[in-house]
Amino acid sequence: MRFSQEGEVMATLTHRLNLIPKAQSRTFTCSFITGEPITNLRFDCVSNSSKLSLKSSCGRSRTNHRRQNFGIRSVFTGIVEEMGEVKNLGMADHGGFDLKIGARVVLEDVKLGDSIAVNGTCLTVTEFNAEEFTVGLAPETLRKTSLEELEKGSPVNLERALQPVSRMGGHVVQGHVDGTGVIQSMEVEGDSLWVKVKADKGLLKYIVPKGFVAVDGTSLTVVDVSDEESCFNFMLVAYTQQNVVIPTKKVGQKVNLEVDIMGKYVERLLTSGGFSLNTSEEKKV
């Protein structure tokens, strides 16, 4: 990593994914202005000779170097609108990795650049017609989520970004997947389905009984958490089973997980010294 005279940080990143043949592996080069709180970046390769565009949040391109607001651009509720079907996925002519999905509901008012959550992953629409749309998948997205396990014909949960006039039926979901879990068991009780998911301890600490968690983009209420097993479980009622992809998966498959962001904010405040328990009397001394 080096600093140029113009104050830019130049970094060369090499990504090799199991989804990309070695012969097609590429060196990614990016630049960004220092001093700006940019997070949740994603990079899409255009060609070997061209630089990557700098993107934030759900992947919108940055058109100039003026200071911009890189806060949350899209919010979801975790209430799945429909199940789409993977039509095609793989390397595209432009050198990136594309995912094409057949859908109906989410295409009713779609525009280029819109954000759609696919199995809980916020992605940007790059092409669309009356029956399907295409999104680009960045290397980090493939590493961080379960989307790499998709195949042609796989069902996926779809939800458009929340509009200010929409009902808030679930909880605040950003579409920024924190990691993946693995389905440990699926057991039927009456017309409901118990699902147990094993998660990394780094994620499990944010998951609490009766709290929220987004599993493949579906807003769910946690029933129990087991630190010993590093697992949590939830129950799907009959209606939910018919309208989300979780019941179509098998034990051992991955699911995308996004924990409630409030827990991460609280932890950050407590560990960074940004929160004090001092009383007003102590402050006067």
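The values are calculated or read from the model by the stated rules, or taken from the named source; none is laboratory data. This is a predicted model, so every value here is computed, not measured. Here the Cβ positions follow ideal geometry from the backbone for every residue, glycine too, while neighbour counts run over all protein chains shown. These area figures cover heavy atoms from the full protein model, side chains too; ligands, DNA and RNA do not enter into them. Shrake-Rupley method; radii C 1.70, N 1.55, O 1.52, S 1.80 Å.
Computed quantities for the displayed model
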read-out: Pair list, Cβ under 7 Å, 6 or more apart: region 257-269 residue hydroxyl-bearing (Ser, Thr, Tyr), other residue open to solvent by 30 Å² or more (accessible area, probe 1.4 Å) and at pLDDT 90 or above; value: none
read-out: Scan of region 113-131 for residues that are in contact with a strand residue (DSSP E or B) (Cβ under 9 Å, 6 or more places away or on another chain) and farther than 16 Å from Ala92 by Cα, ordered by number; value: Gly113, Asp114, Ser115, Ile116, Ala117, Val118, Asn119, Gly120, Thr121, Cys122, Leu123, Glu131
read-out: Considering residues of region 175-214 that are assigned to a strand (DSSP E or B) and of a type in the set (Gly, Ala, Ser) only, the residue farthest from Lys249 (Cα to Cα); value: Gly179
read-out: Hits in region 146-163 - residues which are open to solvent by less than 20 Å² (accessible area, probe 1.4 Å) and in contact with a Gly (Cβ under 8 Å, 6 or more places away or on another chain); value: Val156, Asn157, Leu158, Glu159
read-out: Residues that are at pLDDT below 90 and of a type in the set (S, T, N, Q), drawn from region 243-285; value: Thr271, Ser272, Ser276, Asn278, Thr279, Ser280
read-out: Residue within region 166-173 that is at pLDDT below 90 and of a type in the set (Val, Ile, Thr) present; value: yes
read-out: Hits in region 182-194 (condition: of a type in the set (A, V, I, L, M, F, W, C) and over 21 Å from the mean Cα position of the chain (by Cα)); value: Met186, Val188, Leu193, Trp194
read-out: Residues satisfying the stated conditions in region 111-129, i.e. open to solvent by less than 20 Å² (accessible area, probe 1.4 Å) and free of Cβ contacts under 8 Å to residues at least 60 places away in the same chain; value: Ile116, Val125
read-out: Test: residue in region 214-224 that is open to solvent by less than 30 Å² (accessible area, probe 1.4 Å), farther than 22 Å from Glu85 by Cβ and of a type in the set (A, V, I, L, M, F, W, C); value: yes
read-out: Selection count, region 55-78, where residues are in a loop (DSSP other than H, G, I, E, B), at pLDDT below 85 and under 18 Å from the mean Cα position of the chain (by Cα); value: 8
